[in-house]
Structures are given as structure tokens and as C-alpha cells.
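K.L.:
Here it is: the structure, laid out below.
Values quoted throughout were computed directly from the atomic coordinates according to the rules given, and no laboratory measurement underlies them. Note that the structure is predicted; figures quoted are calculated from it, not measured. Glycine also receives a Cβ, built like all others from the backbone with ideal geometry; neighbour counts cover every protein chain displayed.
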Amino acid sequence: MPRNNKDFKRLVRARMRETGENYTTALANLQSIAESSARQDSENDLPEIRDLLFLAHDLPLKITQVKVKTTQRWGRGALQMAERRQASLGRVLIKEQYKTRGPQWTGETWMGFNAVSWGSMFGVAPSKWREEGRGADEPGPWQTPPLSAFTGTFYWQDGPDGLSRAQTGRMQMGPRPNAIWVCDAFWTSNGGALQVESLSDCLGRSVAVVLFTPLSNDPSFGAIRPTPRMEPGDEHRIAIDLETGISLKRTSYFEGHTILEREVTELSFPDGFDDELFEPPPGREIVERAAPRTYRDLGDLAADLSFPLLVPRLLPDGVTYNGISFLRERPDGTQNATLVFKVSGLDHETFNMNETTDSSLGPTTAIAWEKVDRNGQELFVSNLQPGVAIRDARLTIGKTQVFISGAFLRLEDLISFALSLEEFRADR
């Protein structure tokens, strides 16, 4: 209430007579009471978090098509977090784009939804999509292509290496657009605390701002480890559209500074999309690529490999084979096999072991390797710190290059795991 309001001044004088306070003290106390009451009224108007969870998961019930323009940019926290992680992991993570403040990716995305958009551990995903964008990513195999799409059966992309296409299964297990975060409801099932902070406005639409604070049982790394389908950070704020459940803004923080900010800048809900929108450009030569194959049986994977499959003879305490493996094959016939292992007692904690005969299919992140020698056997490890920590390792056995990435283990356990690798035999 304004200070020059006559009614408010009467209340101040009444309080002075009642409490003996001077005018300044009585004024400050009454304003504090009024502000507290206003905050309470605002909190009473906030939606329940469970209502927002249902809203986000039921997104395909409300919309069948959405078109968005989005942008993302790194903040000051990205550089700070990268420096911290570099010291902790032994990885060279400092990227030039962390040092800039301009948009790191801008693009336009068309997404369609149907019943296939549900029913997966990966949350809501479009049944088909197309995306055109440009970014400041460094060159490499993980660079976002300028144009890509998923038709429901095929994924194709048009990038620096030309137009390529691969057959793939359901979208939940296939490639995703850069703007997947707009409809992705996986934040609702991450391990952490969710709190509705406030109501706000984005693009003229009412939104609820949700604070997500991830929980971590990794004492050496804290909460800055990424939870599934979320960026690293110790806090995340998500602006949820109260009509549809889509996310209009997502910001991740590290120690109070922004790591990454993603925002919808334009939003529309078309009545429909032409089927041609999701098809490759006509009249162009298309390179057909094989989609990754998934295996539950290591014997089947070994039978499809052109080189011997290596498996560990010794598993550290708490480490188990996750029961799933992948095989990727390039047009030139080069193969890359991936085995997934789980560390018990850690939420969502897995690590991968990649095997290939081509060293160029190894880690895409620069790593500061340290040489380790055990009884004449040699390997390289990213982190020699004592205790349990996240580590990478690489070694060569015969013609096979082996890369172990993201293993949350003691140093000696990782070394024992790596040096016990031997050729798979079905009778063992």
C-alpha cells in the first residue's frame, strides 16, 4: 500500500497509539505485515506440483502439433562448472563457447504427437519431428546438423557430410531434436526435489515456475552431476505452460550462476503438417546408414562382430553387467560395440565400455590421460585420485581399442576390471 495513502497513514497513527512506536517503526512494521499477507495469498494461488506432473505427462492429450522457435546460450556458470569438473575428472572440458554470452543454438522445430508419444522410461517424445537450426558447436560427430527429421520410421539429416538416412524404431529409443526439452516430461521422474516457486508469464501465456533440485549420492562430485535427460547443475528452473504442460523455458545453475538457458521465442499450434515436411529433400542422393542394433545376449553380439568381443573376467564389488549392448556399423564396415555396466547403490549410475578396431571412434571429449603399468600390462586412466571417483580408461588388446567411460569406481577396481578383459566364450 502506498505511503501517501490516507487510510494507511491512519493505520500507522493508530498503531503508534497502541504500541508506542514512533512513526518510522510503525510504518515499517505495517508494511512488513502487508507484504507477508500478499506473499501468503500468492502462495495459496500456486498450483500443486502433482497437478503439474499430470499436466506434463498428459501433453499428447492436449496437442497433436506444435511449432517452436528456440534458443539456448551458455552462462558464466558453464565455465566455472567446466573448470571444477576438469579438476575432478581429469578431462579437458573447457570449450570456447563457454566463454561467450551469445546464443549457442537457435532453430525452428516442428513436432507431432500421438499415442506413441507415451509408454517409455524416456518420457514424452514426439512421434515425428523436423528441425532446422544453426549453432556454435565445435566440429565433431556430435555436432547438431543444420537440418534433420524423424518420420516415425526413418531418421535423416542433411549436414556437412551430405544427406543420410537410417531406419530406426520408436522415437523413444531413437534420435531426438535439440528442442526435445520443450515437450520432454522426464524432469518429473528425476531424483530430486520439486517446488512450485511462482506464477509468471512467457509469450503471453501463464506459466508455473518449478524449481528442481537434484539429489546426489556422489560425495566426490556433489549435485553437479547430470541427472537423466537434464543438464548438469545444482538447480534447475522450468517454466511450465499451464494450458498444455510444455516447457517454455529451462535454466540450469551452478553455484548461483547460469550454466545453460533454453527458451522458446515463438510458439504456435498448427492444425496439421504436410507429410512432405518430414521427408528428405527430393532429387538428392541419400546415403543409407545402418541404425544401431541392440542386444540382450552377448553371444548374439559376438556372432555379429568382425573382431573378438572382450568381456571382463573380474567385476568389482557392486558392478554388474546391465544386460544390454549395442552395435554400430559405419558404411565402410567399421564396427563399434558398446557394453553397459551398472554400479549398485547409485541412482541412474551406469558406465559404458566401447570396443572397436578404429581409434577414431573413441572418446569425443579431450582427456588428460595418465599411464598406468601393472606387471607389464599398460593402460591409460583419466583420474588417478584416491578413493571413489569418476574415471575413464583406454587400452589396446590385440587389434581392439577399448574405451571405458564414466566409471564411478576406485582406481584399483577400474584397473582390475580393465586388465581382466578376455575374449568372450559362450561356454563361460
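K.L.:
Starting from the Cα of Ser32, step 7 Å along the direction of its Cβ; do the same at Glu285; then give the gap between the two resulting points in nm.
P.N.:
With each label point 7 Å from Cα toward Cβ, the separation is 7.7 nm.
K.L.:
Taking amide H atoms as placed 1.01 Å from N in the peptide plane, list the residues 5 or more away in sequence, or in a different chain, whose amide H sits under 5 Å from that of Ala291.
P.N.:
Result for Ala291 returns Gln167.
K.L.:
For a label point 7 Å from the Cα of Asn114 along Cα→C-beta, name the residues of region 272-313 whose backbone N is under 16 Å from it.
P.N.:
Residues 272-279 qualify, since their backbone N sits under 16 Å from the label point.
K.L.:
Under the 0.36 nm per residue contour assumption, what length would be gained going from the current alpha-carbon distance of Glu197 and Arg10 to full extension?
P.N.:
Result for the pair: 63.9 nm of gain on full extension.
K.L.:
Counting Lys and Arg as +1 and Asp and Glu as -1, what is the net charge of the other residues whose Cβ lies under 13 Å from the Cβ of Ala179?
P.N.:
The answer is +1.
K.L.:
Mind listing which trypsin sites (Lys or Arg not before Pro) in region 292-321 are in a DSSP loop and have 14 or fewer other Cβ atoms within 10 Å?
P.N.:
Arg296, Arg313
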